[in-house]
Every structure is written in structure tokens, then in C-alpha cells.
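The values are calculated or read from the model by the stated rules, or taken from the named source; none is laboratory data. Because the structure is a prediction, the values reported are computed rather than measured. No Cβ is skipped: glycine too gets one built from the backbone with ideal geometry, and neighbour counts run over all protein chains shown. All accessible areas refer to the heavy atoms of the entire protein, side chains included, with ligands and DNA or RNA removed. Shrake-Rupley method; radii C 1.70, N 1.55, O 1.52, S 1.80 Å.
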Amino acid sequence: MDPSPTIHCIDCGGTCHLISKPQEWGGFDPGEIVVYRCEDCLDRWDVVLPDDDEDPSVGDAWTPGSA
């Protein structure tokens, strides 16, 4: 599974870039947490990659202070 290299920041509308590195075999597993950083507000977004049987457009995101 390959996560998108960028996502939109929910807080400021900027562009978040993937900062997680793939595993040694060159990919990511379903259920793995990947990290994005916004280039504008510098927020960090942790996104759980969906399982194979889940809709890929849906993912769980957590950012510090949101819990």
C-alpha cells in the first residue's frame, strides 16, 4: 500500500507532506500509522492506513491536542 505523498491540512488548508519512510521492503502495511507535516502551520498528522477491505478514502487521523 502506498499512501499519498501529500494531503490537505484540516487546520489551515495547507499541504501536508508524508515524512514517514517505507519499510525495508519498500512499502507500508494496512493499519500502519504514517506521519504527515504541514508546510504552512507545521501541524503533524498521524494517519492510520486503511485495511485492504476498508474504503481507501477513509482513514483515522490524530493530531496532538485533539484527544
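A few comments on the model shown:
- Within region 5-29, the set of residues being in contact with a strand residue (DSSP E or B) (Cβ under 7 Å, 6 or more places away or on another chain) and open to solvent by less than 80 Å² (accessible area, probe 1.4 Å) comprises Thr6, Ile7, Cys9, Cys12, Gly14, Thr15, Cys16, His17, Leu18, Ser20, Phe28.
- Residue match in region 39-50 (condition: open to solvent by 80 Å² or more (accessible area, probe 1.4 Å) and at pLDDT below 95): no
- Test result for Ala61, open to solvent by 50 Å² or more (accessible area, probe 1.4 Å), at pLDDT below 95 and part of a strand (DSSP E or B): yes
- Filtered by the rule that a residue be without any contact (Cβ under 8 Å) to a residue 12 or more places away in the chain and acidic (Asp, Glu), region 1-36 gives a lone residue, Glu24.
- In this structure, Asp46 does satisfy being within 17 Å of Met1 (Cβ to Cβ), free of Cβ contacts under 8 Å to residues at least 40 places away in the same chain, among the acidic types (Asp, Glu) and in a strand (DSSP E or B).
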